[in-house]
Each structure stands twice: as C-alpha cells, then as structure tokens.
C-alpha cells in the first residue's frame, strides 16, 4: 500500500494551486507550486500539511479575513472531489486556519475563521483547528459549536462531538476540559462541566 503521506503529493499541490488561482486572480500559482514542492518529498504527512500551509500564507491575501474569502471561494470552485482519501488534500487548509486564523481574533476574522472550518469539516475535518480555537477563545467558540450541534450535516455535528473531546488519541488535549474532568472524577462529566457539547 502506498504511504499515506503521498496523498499530499505534487498532484495534490497542483490541484490546490488551481483551486486557489481560480478564487484569487492575483495568485502566482507557479510560485506557490514551486515553494510548496520544495522539500516536500522528504516530509511525513503532518509536516507536509504544515509546509504547504506556510506556502499558502505567503501567497494568499492578508489579513486572514481576506484569505478566508479566497478559501471559501476555492471550495465552491474546486473541480476535485472531497471526502475519503480526497479529503486529505484539505489538511493544509486546516493547519492554515489553526495558525493564522488565531493571530488576530477580531470579530470579522472570528466569523470568517469559523465559516472556513464549517466548510472544511463538510469536506474533510476541522477537528485539529477547532481545538486551537477552543483553547484560545473558549466562550466564543463554544457558543458557535452549540449552534452547530443542531446542524443538519452529520459532518458538522461530528466536529462538535469529536472536537470537544478532552483527551483524544489523535489531537491536542483540551487542558481546561481535562482539569474539569479531574474535578468531576470522570471525563464525560468533566466535559459537561467544562461546557463541551455532545453531538
């Protein structure tokens, strides 16, 4: 079986560049592809995602609210399927939002970052990035997640459930929720005490 990391390969980078260029006419797709591919083969899956995300940062407009507009348009214009193994192509998007969507959490940016994560989870997952938002801005993020817990999309409801787990085996732990769990003598009780939402 081909290594999982190879899902983020040259083909995926070129498809991402095409999606972004269709959504952002000022995008230098050739330069993006060149930078994203530079050193990519030597990296494993997670470092590949971060490497491509950093290339996105250098080629998308600033601040994040504008970059978020481009990402949302790129989802609508994409000609590549999502879900399953195709969803892996969105890992750089998740890391991009996780890092740069948090840097300036003004109202406009907060709304845009959450919109991008909502669309990401319908195509792949936003479980890694949403945890960073819970850690940094728990009250605002949990308010939105409570709304998403009633969303018609089971992918969005799954994000609420999985993204608020205090101690997942595959992502960063939520320290505040862990503390509440220890006080309550049980992770599920602790999650409820900390304000998590069951999907």
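Brief remarks follow.
- Mean-position separation - Cα centroids, segment 40-75 and segment 121-175, in angstrom: 20 Å
- Calculated FRET value between residue 66 and residue 2, using beta carbons and R₀ = 41 Å, to 0.05: 0.65
- Fraction of alpha-carbon pairs over 16 Å apart in segment 1-120 - percent: 57 percent
- Theoretical gain in end-to-end length, residue 30 to residue 161 [0.36 nm per residue, Cα-Cα removed]: 43.2 nm
- FRET E, pair residue 38, residue 140, Förster distance 35 Å, beta-carbon r, rounded to 0.05: 0.40
- Extension gain from residue 99 to residue 11, taking 0.36 nm per residue of separation minus the Cα-Cα distance: 29.2 nm
All of the numbers you see were taken from the coordinates with simple rules; none came from a lab. Here the structure is a predicted model, which means the values were calculated and not measured. Cβ: placed from backbone, ideal geometry, glycine included. Neighbour counts: every protein chain shown.
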